[in-house]
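Enquirer: Encoded as structure tokens, here's the structure I'll be asking about.
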Amino acid sequence: MNARLSVIALCVAAAAGCAQLPDMELAKQARTGGDLQTAESNFRSLAELGYEDAEVGLADVLVQSPDPQRQAEGEAIYRRAANDSLIARIKLGKWLAVKENASEAERQEAKSLLRAAIDSGDQSVLLALVRLELAEPQPDFAAVESQLKGWQAQGMPQAKLGWIMLYRARGDYEQHLDEVRQSCETWLNEVGDCYVELATVYRIQGDEDTLKALLARLDGAYASEQVPPAQVKSVARALAGEGSGEPRPEEAKQLYEMIAPQWPDAWAGLADLVRDYPQLGEGEQVVEYLEKGVEAGSSKAAAGLGQVYLNGQLVPAEPDKAEKYLLMAAPQEPKARIMLARLYREGKLGAVEPDKARDQLLIVARSGNPSADVALAQLFGEGRGIRINPVYAYGFATLAKEQGMPQADQWLERIAPRLQPGDMERVRAMVAKEKAARTGEQLSLGSSNNQVRETL
């Protein structure tokens with residue numbers, strides 16, 4: 001019995017009127033056409049009746065939301081369904097590959113899921129896997145190139161788009177503009193990321209008319225909900241991006257303004273745009289955009305506003321306000337915790353608070369951010385309200401270096417002369433203990449201070 005007939009039977013059995021029955025086909029069509037509200041309503045009703053396909057469809061809709069709580073709900077659904085569903089495992093892998101602030105453990109999980117999907121014959125995950133591999137601190141370009149050649153030899157057409165990602169990552173993108181243009185003009189209807197690539201190519205090549213037509217097409221696709229706000233944001237960034245070609249900040253601004261009502265992080269994008277192109281507005285405009293973003297629930301805007309009040313460049317420094325907004329952003333934005341650590345370490349609230357600085361940095365470092373390891377090396381190497389500990393300083397610098405952070409070398413060089421006989425053995429033990437904390441009992445960004453302190 002199909003989903004619609006089952007629901008009809010339930011309604012009749014309950015002698016209840018069903019003004020609008022949930023419909024699986026309608027939900028799928030609405031999702032494909034971009035009507036996410038209709039899709040969610042139908043998927044959710046059917047999921048509550050126990051239909052596994054509807055559960056996965058509901059998760060598809062939820063992870064497209066800018067709301068972290070809805071994204072988390074969608075991920076949880078994927079994980080529940082993944083035990084019995086290959087499709088759910090594939091979609092979980094795709095989601096983890098693009099999830100903002102994903103931990104190292106989540107990135108490795110995504111790679112495993114995506115490789116398994118390719119082995120099962122699913123080519124739709126190819127680009128997600130390439131993106132993950134190229135996002136490594138020290139990507140193996142030769143391995144990615146060999147992989148792409150292998151996929152092409154197997155007749156996987158999307159491998160051609162993987163080359164575009166490789167060109168970007170290794171820095172020879174502009175040597176392949178015609179190839180990028182040809183590939184993405186062919187794949188634009190199927191691969192939304194091609195809007196970004198074509199906007200970049202047309203801007204660099206100075207093809208005004210074609211760029212104008214592309215942006216008009218993007219407007220229409222967004223209005224019909226065929227393109228999500230995140231892709232529009234990426235196009236805006238490409239228009240104002242660095243590199244050859246004339247930047248297009250005005251067009252970027254229009255795109256950010258278009259998606260801001262639905263995508264709160266767009267307000268942070270607008271603030272960054274004004275910072276980079278002062279002709280678009282004054283410092284007060286930056287603050288206004290960020291305040292609107294905070295009101296709309298953007299953690300990125302909260303982090304940006306905290307940074308403004310911390311640095312005191314656009315407005316007078318107000319450490320209390322900085323702490324308020326950074327704490328607001330911290331659960332979702334690792335960089336907010338790094339700025340909080342700076343605020344506490346420098347005593348900007350009136351007294352140096354090294355324990356608070358350490359706790360914030362440990363949470364971020366253990367979520368997979370090597371910049372926090374560098375900051376911890378500095379904290380334990382310089383002291384300032386905390387006892388200097390060369391073993392910890394050298395250990396955190398070692399962890400940062402292993403993750404490809406070039407700043408780690410200067411701390412290794414500075415701390416090495418302070419190490420005493422036997423200290424390297426203690427460094428190795430400390431590094432092993434830290435790695436266990438990160439790969440075993442992975443600490444989330446919401447970990448308590450007590451949990452954080454136990455390992456050191």
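The values are calculated or read from the model by the stated rules, or taken from the named source; none is laboratory data. Because the structure is a prediction, the values reported are computed rather than measured. Counting neighbours? That spans all protein chains shown, and the Cβs are built from the backbone with ideal geometry, glycine included.
Enquirer: Checking the condition in a helix (DSSP H, G or I), among the small types (Gly, Ala, Ser) and surrounded by 14 or more Cβ atoms within 10 Å (Cβ to Cβ), which residue from Ala199, Ala216 passes?
Expert: Working: Ala216 fails: surrounded by 14 or more Cβ atoms within 10 Å (Cβ to Cβ).
Matching residue, one of Ala199, Ala216: Ala199.
Enquirer: Could you check the range 265-307 and list, in sequence order, the residues that are within 20 Å of Gln71 (Cα to Cα), outside any helix (DSSP H, G or I) and hydroxyl-bearing (Ser, Thr, Tyr)?
Expert: Ser298
Enquirer: Same structure again: Against the condition surrounded by 13 or more Cβ atoms within 10 Å (Cβ to Cβ), assigned to a loop (DSSP other than H, G, I, E, B) and not small (Gly, Ala, Ser), how does Ile388 come out, does it pass?
Expert: Working: surrounded by 13 or more Cβ atoms within 10 Å (Cβ to Cβ): yes; assigned to a loop (DSSP other than H, G, I, E, B): yes; not small (Gly, Ala, Ser): yes.
Answer is yes for this residue.
Enquirer: Limited to the range 318-333, what total is found for residues that are buried (at least 23 other Cβ atoms within 10 Å of the Cβ) and either in a helix (DSSP H, G or I) or in contact with an Asp or Glu (Cβ under 7 Å, 6 or more places away or on another chain) (or both)? Quick ask: steps written out before the conclusion?
Expert: Narrowing the range 318-333 to residues buried (at least 23 other Cβ atoms within 10 Å of the Cβ): 322, 325-326, 329-330, 333.
The next check asks that each one be either in a helix (DSSP H, G or I) or in contact with an Asp or Glu (Cβ under 7 Å, 6 or more places away or on another chain) (or both); those that pass are 322, 325-326, 329.
Selection size over the range 318-333: 4.
Enquirer: Restrict the check to the range 94-106 and report whether at least one residue is among the hydroxyl-bearing types (Ser, Thr, Tyr), over 20 Å from Tyr195 (Cα atoms) and surrounded by 18 or more Cβ atoms within 10 Å (Cβ to Cβ). Full working, then the answer.
Expert: Narrowing the range 94-106 to residues among the hydroxyl-bearing types (Ser, Thr, Tyr): 103.
Add one more test, that the residue is over 20 Å from Tyr195 (Cα atoms), and what stays is 103.
Applying the additional criterion that residues be surrounded by 18 or more Cβ atoms within 10 Å (Cβ to Cβ) yields 103.
So far as the range 94-106 goes, yes, one or more of its residues are among the hydroxyl-bearing types (Ser, Thr, Tyr), over 20 Å from Tyr195 (Cα atoms) and surrounded by 18 or more Cβ atoms within 10 Å (Cβ to Cβ).
Enquirer: Against the condition among the small types (Gly, Ala, Ser), at pLDDT below 95, in contact with a helix residue (DSSP H, G or I) (Cβ under 6 Å, 6 or more places away or on another chain) and surrounded by fewer than 22 Cβ atoms within 10 Å (Cβ to Cβ), how does Ser244 come out, does it pass? I'd like the intermediate steps shown before the answer.
Expert: Details: among the small types (Gly, Ala, Ser): yes; at pLDDT below 95: yes; in contact with a helix residue (DSSP H, G or I) (Cβ under 6 Å, 6 or more places away or on another chain): yes; surrounded by fewer than 22 Cβ atoms within 10 Å (Cβ to Cβ): yes.
In short, yes.
Enquirer: Select, from Val315, Val294, Val287, the only residue that is surrounded by 19 or more Cβ atoms within 10 Å (Cβ to Cβ) and either within 30 Å of Val431 (Cα to Cα) or of a type in the set (Val, Ile, Thr) (or both). Outline the logic, then answer.
Expert: On the way: Val315 fails: surrounded by 19 or more Cβ atoms within 10 Å (Cβ to Cβ); Val287 fails: surrounded by 19 or more Cβ atoms within 10 Å (Cβ to Cβ).
Unique residue meeting the criteria: Val294.
Enquirer: Between a residue in the range 393-405 that is basic (Lys, Arg) and any residue that is buried (at least 19 other Cβ atoms within 10 Å of the Cβ), which pairs come within a Cβ distance under 6 Å, given they are 6 or more apart or on different chains?
Expert: Pairs that qualify, where the first residue is basic (Lys, Arg) and the partner is buried (at least 19 other Cβ atoms within 10 Å of the Cβ), are Lys401/Ala408.
Enquirer: Go through (1) surrounded by fewer than 22 Cβ atoms within 10 Å (Cβ to Cβ); (2) in contact with a Pro (Cβ under 7 Å, 6 or more places away or on another chain); (3) free of Cβ contacts under 8 Å to residues at least 40 places away in the same chain; (4) of a type outside the set (A, V, I, L, M) and name the single condition Gln64 misses.
Expert: In the conditions (1) surrounded by fewer than 22 Cβ atoms within 10 Å (Cβ to Cβ); (2) in contact with a Pro (Cβ under 7 Å, 6 or more places away or on another chain); (3) free of Cβ contacts under 8 Å to residues at least 40 places away in the same chain; (4) of a type outside the set (A, V, I, L, M), Gln64 misses (3) alone.
Enquirer: Restricting the range 101-132 to residues that are in a loop (DSSP other than H, G, I, E, B) and free of Cβ contacts under 8 Å to residues at least 40 places away in the same chain, which is farthest from Lys149 (Cα to Cα)? Spell out how you get there, then give the answer.
Expert: First pass over the range 101-132, keeping only residues in a loop (DSSP other than H, G, I, E, B): 101-103, 120-122.
Next, only the ones that are free of Cβ contacts under 8 Å to residues at least 40 places away in the same chain stay: 120-122.
Details: Ser120: 19, Gly121: 17, Asp122: 17 Å.
Top of the filtered list is Ser120.
Enquirer: Right, next: For Glu402, state whether it is acidic (Asp, Glu) and either modelled with pLDDT of 95 or more or more than 24 Å from Asp355 (Cβ to Cβ) (or both). Even if it seems obvious, please write down each step before you answer.
Expert: Values: acidic (Asp, Glu): yes; either modelled with pLDDT of 95 or more or more than 24 Å from Asp355 (Cβ to Cβ) (or both): yes.
Yes; evaluated as a whole, the condition is true for this residue.
Enquirer: Here is a further query. In the range 230-240, is there at least one residue being touching a Lys or Arg at 6+ places or on another chain (Cβ under 8 Å) and modelled with pLDDT under 90?
Expert: no
Enquirer: Taking the conditions exactly as written (over 28 Å from Ser367 (Cα atoms), surrounded by fewer than 16 Cβ atoms within 10 Å (Cβ to Cβ), out of contact with any Phe, Trp or Tyr (no Cβ under 9 Å at 6 or more places or on another chain) and not assigned by TED's automatic domain parsing to the domain that holds Asp193), does Ser112 satisfy them or not? Reasoning before the result, please.
Expert: Details: over 28 Å from Ser367 (Cα atoms): no; surrounded by fewer than 16 Cβ atoms within 10 Å (Cβ to Cβ): yes; out of contact with any Phe, Trp or Tyr (no Cβ under 9 Å at 6 or more places or on another chain): yes; not assigned by TED's automatic domain parsing to the domain that holds Asp193: yes.
Considered against the rule, which asks whether it is over 28 Å from Ser367 (Cα atoms), surrounded by fewer than 16 Cβ atoms within 10 Å (Cβ to Cβ), out of contact with any Phe, Trp or Tyr (no Cβ under 9 Å at 6 or more places or on another chain) and not assigned by TED's automatic domain parsing to the domain that holds Asp193, Ser112 comes out as no.
Enquirer: Here's something else I'd like to know. Would you please name the residue that is modelled with the lowest pLDDT, looking only at residues in the range 115-143 that are closer than 23 Å to Pro334 by Cα and surrounded by fewer than 19 Cβ atoms within 10 Å (Cβ to Cβ)?
Expert: Among them, the one singled out is Pro137.
Enquirer: Cβ-Cβ distance below 8 Å, separation of 6 or more or different chains: which pairs start in the range 36-58 with a residue that is closer than 21 Å to Pro228 by Cα and in contact (Cβ under 8 Å) with a residue 60 or more places away in the chain and end on one that is polar (S, T, N, Q) and outside any helix (DSSP H, G or I)?
Expert: Leu36/Gln64
Yes/no matrix, rows are residues, columns are (1) of a type outside the set (Gly, Ala, Ser); (2) surrounded by 15 or more Cβ atoms within 10 Å (Cβ to Cβ); (3) over 27 Å from the mean Cα position of the chain (by Cα):
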residue: Val352; (1), (2), (3): yes, yes, yes
residue: Leu362; (1), (2), (3): yes, yes, no
residue: Ala365; (1), (2), (3): no, yes, no
residue: Ala400; (1), (2), (3): no, yes, no
residue: Gln407; (1), (2), (3): yes, yes, no
residue: Gln410; (1), (2), (3): yes, no, yes
residue: Ala416; (1), (2), (3): no, no, yes
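Enquirer: Can you name every residue in the range 155-171 that is surrounded by fewer than 16 Cβ atoms within 10 Å (Cβ to Cβ), farther than 24 Å from Lys233 by Cα and in contact with a helix residue (DSSP H, G or I) (Cβ under 9 Å, 6 or more places away or on another chain)?
Expert: Met156, Pro157
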